[in-house]
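Peer 1: Following this message is one structure expressed as structure tokens.
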Amino acid sequence: MPTLTGVHLLPATGEFTYDTIAFSGQRPGASMAPLNTYYAPGGAKTDYSYAIDQLQAAHPECATVAVVCAWFCDGLTAGACRIFPATTYSGGAFERTAGGTDHWRVSSLTETSAGLVPIPTTAIGSYIYGGTPSDASIVRCLGDLKARGFRVVFYPFLLMTATGLPWRGLISYAPDNTSAATAAVTAFLGAAAPSDFTPDLVNLTVAYSGSPTDYTYQRMILHYANLCVVAGGVNVFVLGSELRGLETVRGPAWTKAGTTDSSGYAVWDYPFVAGLTQLAADVRSIFDTAGYTKSLSTLSNLVTYSADWSDWMGYQHAGANGQWPHLDSLYASANIDFVSFDNYLPLSDWTTANGGLDADYWQADPPATWPTPSPNTRGFGLSGAPNLYSASYLQANIEGGEKFDWYYNDGVNGGSGPDPNGSGLFVSVPQGDRAAQTRQTYTSGQQILGNKQLRWWWSNLHYALYDTGGGWIAQGPQTRWSPQSKPILFLEYGVPAVDKGTNQPNVFFASNSIESGTPYWSIWDPASGDALEPRRDDTISELALNTIYAYWQSNNATSSLGVTMIEWAFCCAWNWDARPFPTFPLLSDVWADASNWSAGNWLNGRGPATLPVAPSPPPTPSLYPTFPVVPTIGWSTRIRPRFATGVAPHVAGRESRRPGRALSFYDIELNYELLRSDAAHAELQTLAGFLCENAGAADAFWLPPPGLATVAGQPLGLGDGVTTNFPLLWSFSTYVEPVQATSGVTAVYLNGAPQSSGWSVSTGYFPAIQFASAPAPGTTVSADFTTLWLCRMSDDYADFENFMTLFWSFRTVKLQTTRP
């Protein structure tokens, strides 16, 4: 299990997903239905509360939670797109489960407001996202997290509703280097000012005196700064993230050399960077006015903006033949407390076949100097057989390897196709020099071009690099950055649970987005027919997270003035979901993103220790009858796992398929060669009577799965000194799923030793072993028990054939498992 000291809380949407109060909602023409109690239906405790319980149980080391809260953007052209909150209940109503009507409120808007921008729907009519979280739900969430002892980061986030659901970093304006570009950026930012907002401590929201339909970026950021004041302050407030396209729009005064400010520092005309700098000052003033002054000693009420990993050090404008440190003026601002970027830098360059150049030079000495003279023979000094799952190898690529020692000129991911290395597999095929592993080296003085050169960047002055006839070299005066003046933090970091995830951690698989993809060289497996799906790999994800954590605990640095290079307190892994496991991702009919869980960055449910048991179980399994076991004369069983596969066509003509369920259903065929109908056996009467009584396909019943019902020595997890509930699990090899019900637990073991007392079995569905005292850390918990599957008939008929006197043939009874 990975070490997680900070996590991002998703899904960023859902009107009351983050709330500690149970709500129901009603869309126009529909009935009122629960919104945030899927995990324990009918209860007052919300999904969010259960999810945070799970986080604390699975990761007691976690001290920071970043609450991600989304508004939406409907286009990629600055000045022509809107930044807006939205609800999927426009014109509807909400009420608290405990009684009393209430409203969705976001910045003077409610579900009844005119001018709300609708969230788009899919071809089958479902919404592509949930709504923006209600202000009051955010305030209660922040308060709950602080009461639990967490440090809290508030993270406003843009989700794109434009066609294809593109990355927010593509919002831009062209042509730039014009006054029109500055005007477009100004329109995107908007005219909202701190004086336009009034905190409402009664309704836990913020009133806005501007136009209700002023859908601009500054309105979003200043609204949430005021909402954090209503919540009593936060540890870190984020101005946004990864808006690379906007950051790099150039105003009309931009030149390669730029200008100098009154102190002689280099300055370039980047209007959005200037806008962020002013936003930081505005947020600072809002906090200071409310009495929430910043404290670096207690890490309270701090402000940052988080760049993308690809441009945090600077940007290379097409045709300009150089790189400019466009964000340095923001980093140098007195109102920005951290140099933050979302760290999805590669940790491997591992091909199919034997692993490629990294494997070839596994034992060779690492480079002793920089620049690296021969990147194609770059060694690691490692012993043993080359292995992608080596923590030492991954650590060597944190401050080494691609984007430190060398780079690829062009490394486009070409989508899934036949492996060019001839393995016969389908992989995400690299293009250009990445496919051939033709590596390029930096030259002396070009450290600022290497995105992994954090230590150099933090410790040195910065200059633009561009060519005036002598190659890409430092030109002009230094920027405003003062070496070692502020910590760096990785607001986001992580690796998807997919094959070779460390090759390209910044990509994700989501079949409804044009950004969908998997890392270079990652394997795709057959799903059904000719369809393919990404190969899931939890191990590489967990190993990478642990490697990153361990590396920076041992290799951090501190300046002579006591400034830490990497401020790990707010480095947060992406992501923990406020929808508890396994409700998410099992309820794929409720949440459209459930199919992305398998190969995604979700940390919930990646190990048995996080499988939950609802404290308020539904009615006991005894309410369902049990399928009769008849001895018969000769029988056989056929069991077939079944997944609901979603199919999504892409513009390019490729079809993507994803399983709609994280856990399989099963089709079961029971074949009876001969059933006896004499009075001594009555096998025919028993079976036929049961099937008739249970009305064919209508009613459910329990089935002890033939040959699989008895489970012995099943591992249930490892003790951590805190967890007392260990859900019963059922496994085939490395595949594990929770047990729906049991007809009895016969033994419980701790480190293989049977326990005669100190435990009980919870009732209801998804039973668990409940210990009176939590097993000690590292203790293996296992059990012997019998498992039951809830089934119904697939066919609406049963065909019995009289074979001879008192003997009947019943060739097949078809069943399928179902959910309680």
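The values are calculated or read from the model by the stated rules, or taken from the named source; none is laboratory data. Everything quoted here is computed from the prediction, not taken from an experiment. All Cβ positions, even for glycine, are placed from backbone atoms using ideal geometry, and neighbour counts span all protein chains on display. Surface accessibility is based on the protein's heavy atoms, side chains included, excluding ligands, DNA and RNA. Shrake-Rupley method; radii C 1.70, N 1.55, O 1.52, S 1.80 Å.
Peer 1: Return the residues of region 391-445 that are polar (S, T, N, Q), more than 26 Å from T547 (Cβ to Cβ) and buried (at least 17 other Cβ atoms within 10 Å of the Cβ); say none if nothing qualifies.
Peer 2: Scanning region 391-445 gives a single hit, S416.
Peer 1: Filtering region 741-800 down to residues that are charged (D, E, K, R) and part of a loop (DSSP other than H, G, I, E, B), which residue is surrounded by the most Cβ atoms within 10 Å (Cβ to Cβ)?
Peer 2: Initial filter on region 741-800 (charged (D, E, K, R)): 784, 792, 795-796, 799.
Checking which are part of a loop (DSSP other than H, G, I, E, B) leaves us with 795-796, 799.
Numbers: D795: 14, D796: 9, D799: 10.
Once the filter is applied, the top-ranked residue is D795.
Peer 1: While we're on this one: Could you grab me the full set of residues in region 182-202 that are farther than 15 Å from V230 by Cβ and either charged (D, E, K, R) or not in a loop (DSSP other than H, G, I, E, B) (or both)?
Peer 2: Correct list: T182, A183, A184, V185, T186, A187, F188, L189, S195, D196.
Peer 1: Can you pull out the residues in region 237-253 that are farther than 19 Å from D74 by Cα and open to solvent by 20 Å² or more (accessible area, probe 1.4 Å)?
Peer 2: Within region 237-253, R250, P252, A253 qualify.
Peer 1: While we're here: Out of all the residues in region 571-588, which are part of a loop (DSSP other than H, G, I, E, B) and within 19 Å of F490 (Cβ to Cβ)?
Peer 2: C571, the sole residue that qualifies.
Peer 1: Could you say which residue among G417, G424, G432 is of a type outside the set (A, V, I, L, M) and within 27 Å of the chain's Cα centre (by Cα)? Talk me through it step by step, then tell me what you get.
Peer 2: Working: G424 fails: within 27 Å of the chain's Cα centre (by Cα); G432 fails: within 27 Å of the chain's Cα centre (by Cα).
After applying the criteria, what remains is G417.
Peer 1: Which numbered condition in (1) outside any loop (DSSP other than H, G, I, E, B); (2) within 26 Å of S134 (Cα to Cα); (3) in contact with a strand residue (DSSP E or B) (Cβ under 8 Å, 6 or more places away or on another chain); (4) open to solvent by less than 50 Å² (accessible area, probe 1.4 Å) is the only one that D144 fails?
Peer 2: (3)
Peer 1: Scan region 501-512 and give yes if some residue there is modelled with pLDDT under 95, more than 20 Å from G605 (Cβ to Cβ), open to solvent by less than 40 Å² (accessible area, probe 1.4 Å) and outside any strand (DSSP E or B), otherwise no.
Peer 2: Yes: one or more hits.
Peer 1: Now for a separate question. The conditions are (1) in contact (Cβ under 8 Å) with a residue 12 or more places away in the chain; (2) part of a loop (DSSP other than H, G, I, E, B), and L491 fails exactly one of them. Which is it?
Peer 2: (2)
Peer 1: Continuing with this model, one more query. Applying the selection to region 8-41, what residues are among the hydrophobic types (A, V, I, L, M, F, W, C), surrounded by fewer than 21 Cβ atoms within 10 Å (Cβ to Cβ) and either closer than 29 Å to S306 by Cβ or within 25 Å of the chain's Cα centre (by Cα) (or both)?
Peer 2: Within region 8-41, just I21 meets the criteria.
Peer 1: Do you know which residues across region 332-391 are closer than 29 Å to V273 by Cβ and in a loop (DSSP other than H, G, I, E, B)?
Peer 2: A332, S333, A334, N335, I336, D337, F338, Y344, L345, P346
Peer 1: Could you list all residues from region 278-318 that are open to solvent by 40 Å² or more (accessible area, probe 1.4 Å) and among the acidic types (D, E)?
Peer 2: D288
One line per residue, one yes/no per condition, for (1) without any contact (Cβ under 8 Å) to a residue 40 or more places away in the chain; (2) surrounded by fewer than 16 Cβ atoms within 10 Å (Cβ to Cβ); (3) in a helix (DSSP H, G or I); (4) touching a helix residue (DSSP H, G or I) at 6+ places or on another chain (Cβ under 7 Å):
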position: P519; (1), (2), (3), (4): no, no, no, yes
position: T539; (1), (2), (3), (4): no, yes, yes, no
position: L545; (1), (2), (3), (4): no, no, yes, no
position: A569; (1), (2), (3), (4): no, no, yes, no
position: V590; (1), (2), (3), (4): no, yes, no, no
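Peer 1: Right, another one. Before we move on, is Y173 open to solvent by 40 Å² or more (accessible area, probe 1.4 Å), in contact (Cβ under 8 Å) with a residue 60 or more places away in the chain and within 22 Å of F94 (Cα to Cα)?
Peer 2: No: the conditions fail for Y173.
Peer 1: Residues that are under 25 Å from V563 (Cα atoms), aromatic (F, W, Y), outside any loop (DSSP other than H, G, I, E, B) and open to solvent by less than 40 Å² (accessible area, probe 1.4 Å): does region 260-277 have at least one?
Peer 2: Looking for residues that are under 25 Å from V563 (Cα atoms), aromatic (F, W, Y), outside any loop (DSSP other than H, G, I, E, B) and open to solvent by less than 40 Å² (accessible area, probe 1.4 Å), one finds none in region 260-277, hence no.
Peer 1: Do we find that N376 is touching a residue at least 12 places away in the same chain (Cβ under 8 Å) and within 31 Å of the chain's Cα centre (by Cα) in this structure? Write out each step before concluding.
Peer 2: Working: touching a residue at least 12 places away in the same chain (Cβ under 8 Å): yes; within 31 Å of the chain's Cα centre (by Cα): no.
Spelling it out, it is not the case that N376 is touching a residue at least 12 places away in the same chain (Cβ under 8 Å) and within 31 Å of the chain's Cα centre (by Cα).
Peer 1: Just name the residue that is surrounded by the most Cβ atoms within 10 Å (Cβ to Cβ) out of those in region 446-483 that are of a type in the set (G, A, S), at pLDDT 95 or above and more than 33 Å from the chain's Cα centre (by Cα).
Peer 2: Restricting attention to region 446-483, the residues satisfying the condition of being of a type in the set (G, A, S) are 450, 459, 464, 469-471, 474, 476, 482.
In the following step, the residues that additionally are at pLDDT 95 or above were identified as 450, 459, 464, 474, 476, 482.
Those still in the list that are more than 33 Å from the chain's Cα centre (by Cα) too: 464, 474, 476, 482.
On the way: A464: 26, A474: 14, G476: 15, S482: 14.
This residue is A464.
Peer 1: Another question, if that's okay. Could you look through region 705-732, keep only residues that are closer than 12 Å to L788 by Cβ and aliphatic (A, V, I, L, M), and pick out the one that is surrounded by the most Cβ atoms within 10 Å (Cβ to Cβ)?
Peer 2: Here the residue is L728.
Peer 1: Can you spot a residue in region 522-536 that is part of a loop (DSSP other than H, G, I, E, B), of a type in the set (D, E) and open to solvent by less than 30 Å² (accessible area, probe 1.4 Å)?
Peer 2: If we filter region 522-536 for residues that are part of a loop (DSSP other than H, G, I, E, B), which is where we start, we get 522, 527-531, 535.
Restricting the remaining residues to those that are of a type in the set (D, E) gives 530.
From the residues that got through so far, the ones that are open to solvent by less than 30 Å² (accessible area, probe 1.4 Å) too are none.
No, region 522-536 has no match at all.
Peer 1: Report yes if some residue within region 42-59 is within 30 Å of F272 (Cβ to Cβ) and either in contact with a His (Cβ under 9 Å, 6 or more places away or on another chain) or surrounded by 22 or more Cβ atoms within 10 Å (Cβ to Cβ) (or both); otherwise report no.
Peer 2: Within region 42-59, none of the residues are within 30 Å of F272 (Cβ to Cβ) and either in contact with a His (Cβ under 9 Å, 6 or more places away or on another chain) or surrounded by 22 or more Cβ atoms within 10 Å (Cβ to Cβ) (or both).
Peer 1: Do you know which of the residues in region 419-435 that are free of Cβ contacts under 8 Å to residues at least 24 places away in the same chain and out of contact with any strand residue (DSSP E or B) (no Cβ under 6 Å at 6 or more places or on another chain) is nearest to P534 (Cα to Cα)?
Peer 2: G424
Peer 1: Listed residues V206, V230, V202, V234; which is open to solvent by less than 10 Å² (accessible area, probe 1.4 Å) and more than 21 Å from Y305 (Cα to Cα)? Reasoning before the result, please.
Peer 2: On the way: V230 fails: open to solvent by less than 10 Å² (accessible area, probe 1.4 Å); V202 fails: open to solvent by less than 10 Å² (accessible area, probe 1.4 Å); V234 fails: more than 21 Å from Y305 (Cα to Cα).
After applying the criteria, what remains is V206.
Peer 1: Any idea which of Y305, Y292, Y215 is closer than 28 Å to T178 by Cβ and either assigned to a loop (DSSP other than H, G, I, E, B) or not hydroxyl-bearing (S, T, Y) (or both)?
Peer 2: None of the other options fit; the residue is Y215.
Peer 1: Among the residues of region 406-449, count how many are under 12 Å from T351 (Cβ atoms) and of a type in the set (S, T, N, Q).
Peer 2: Matching residues across region 406-449 total 4.
Peer 1: Which residues, taken from region 322-361, are buried (at least 22 other Cβ atoms within 10 Å of the Cβ), acidic (D, E) and farther than 30 Å from T293 by Cα?
Peer 2: D349, D358, listed by residue number.
Peer 1: If I go through region 484-500 residue by residue, how many of them are among the β-branched types (V, I, T) and buried (at least 24 other Cβ atoms within 10 Å of the Cβ)?
Peer 2: 2
Peer 1: Considering only residues that are touching a helix residue (DSSP H, G or I) at 6+ places or on another chain (Cβ under 9 Å), buried (at least 19 other Cβ atoms within 10 Å of the Cβ) and either assigned to a strand (DSSP E or B) or at positive phi (or both), which ones fall in region 76-101?
Peer 2: Result: I83, F84.
Peer 1: Kindly establish whether L222 is in contact (Cβ under 8 Å) with a residue 40 or more places away in the chain, open to solvent by less than 10 Å² (accessible area, probe 1.4 Å) and in contact with a Lys or Arg (Cβ under 7 Å, 6 or more places away or on another chain).
Peer 2: No: the conditions fail for L222.
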